[in-house]
Amino acid sequence: MPDSRKKPKDNTASLEDLGISLDASLQNVDPESCGGIFSFFSGAGFLDLGFEEEGFVPVMVNEYHPPFLAAYKHSRSRLGIAPPSLGYLGGSIEALRREPGKAWLSQRIAEARDLGKPVGFVGGPPCPDFSNAGKHRGKDGEHGRLTKVYVDLIRAQLPDFFVFENVKGLLRNHAEHLREIEQQLGAAGYRFATRLANGLEYGVPQDRERVVIIGFHKRLYERAGQILPRRYRLGHTIWHEELLHDIDQVRSLPWPGTSPFGEDLGVTCPEGLRPELTVQHWFRKGSSWIPGS
Ligand SMILES: C[S@@+](CC[C@H](N)C(=O)[O-])C[C@H]1O[C@@H](n2cnc3c(N)ncnc32)[C@H](O)[C@@H]1O
């Protein structure tokens, strides 16, 4: 059986690989939404769900690995959420940085902007080449180079905002590459904030650190009549406004160690823990969330 995770070479991806026709265009986008997102490296769609919960609509979803895309489609249909207006593009992001994919994407972004709302790119490029658990091949590795592909796509298409997510190793061991990315995005007109964020700080029951860059194009500020920060860095304000928990305090809580796995073990939550920071709390609550509800 062919290995579906094997990456195509840059020159093999085409619009057909993504299963899109040049006349596919935007339709049925809720004009009441906060804005449209073009999602890259979408995986099973967890990053997109967060945006959806805040009122954004994914208009385009691109993922290379077929089983992940299948999981994305399945979950959306189980949750009763409409598919992205431009559909699911299964194939390599590379097809969108060359013609005719590049022009196709520009046109769709222009249509999304015509709805009068901001348009954003969200994506967490594959991380094994930056990961502490990986081989540190960095930006030139088979996966690592996709970080540049994503950054180049942002610089070419200039969405109103973007989110870039990756592993801690990018900050710790490949800081030069991160600085290069920041400089390029700054030169393309973005004001941004970079943070090594932990899910626990924002109420997610998982001790997981990720480098996240959030950027807004300067024209968004100019449209709102705001004075631009002198440098391209936004500082840490936007991160701290949303913080729910202090990470040191959370880590100092009386977390239990590991215990054997099994059904109906009757494990009780140790006193002093915050139940909402445990997975069990959310299992008990049930998956009752539906976007817009
Ligand atoms: C770190 S995961 C992203 C997970 C995702 N943010 C989520 O919430 O589920 C990176 C994803 O990039 C996908 N990917 C790898 N190479 C790609 C390529 N050339 N084009 C598009 N997607 C690719 C992988 O299959 C993987 O799902």
What's the number of the condition residue 130 fails, among (1) among the aromatic types (Phe, Trp, Tyr); (2) within 24 Å of residue 36 (Cα to Cα); (3) out of contact with any Phe, Trp or Tyr (no Cβ under 9 Å at 6 or more places or on another chain)? (2)
Here are some conditions: (1) modelled with pLDDT of 90 or more; (2) away from the ligand (no atom under 12 Å from the Cβ). Residue 117 meets all but one. Which one does it not meet? (1)
Check residue 103 against each of (1) under 22 Å from residue 52 (Cα atoms); (2) of a type in the set (A, V, I, L, M); (3) away from the ligand (no atom under 16 Å from the Cβ) and name the one condition it does not meet. (1)
Would you check if residue 117 is touching a strand residue (DSSP E or B) at 6+ places or on another chain (Cβ under 8 Å) and outside any helix (DSSP H, G or I)? yes
Please work out which one of (1) over 30 Å from residue 108 (Cα atoms); (2) within 15 Å of the chain's Cα centre (by Cα) is the condition residue 119 fails and give its number. (1)
Within region 166-191, the residues that are among the charged types (D, E, K, R) and more than 23 Å from residue 117 (Cα to Cα) are 168, 172, 176, 179, 180, 182
As an exercise: evaluate residue 148 against (1) more than 11 Å from the ligand (Cβ to nearest atom); (2) touching a Leu at 6+ places or on another chain (Cβ under 7 Å) and give the number of the one condition it does not meet. (2)
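Looking only at region 238-281, which residues are closer than 23 Å to residue 75 by Cβ and at pLDDT 85 or above?
Quick first cut of region 238-281, residues closer than 23 Å to residue 75 by Cβ only: 276, 278-281.
Once the filter is applied, which keeps residues that are closer than 23 Å to residue 75 by Cβ and at pLDDT 85 or above, region 238-281 yields 276, 278, 279, 281.
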Residue within region 65-85 that is in contact with a strand residue (DSSP E or B) (Cβ under 9 Å, 6 or more places away or on another chain), among the hydroxyl-bearing types (Ser, Thr, Tyr) and touching a residue at least 60 places away in the same chain (Cβ under 8 Å) present: no
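The values are calculated or read from the model by the stated rules, or taken from the named source; none is laboratory data. These numbers come from a predicted model, not from an experiment. Note that we place each Cβ from the backbone using ideal geometry, even for glycine, and neighbour counts take in every protein chain shown.
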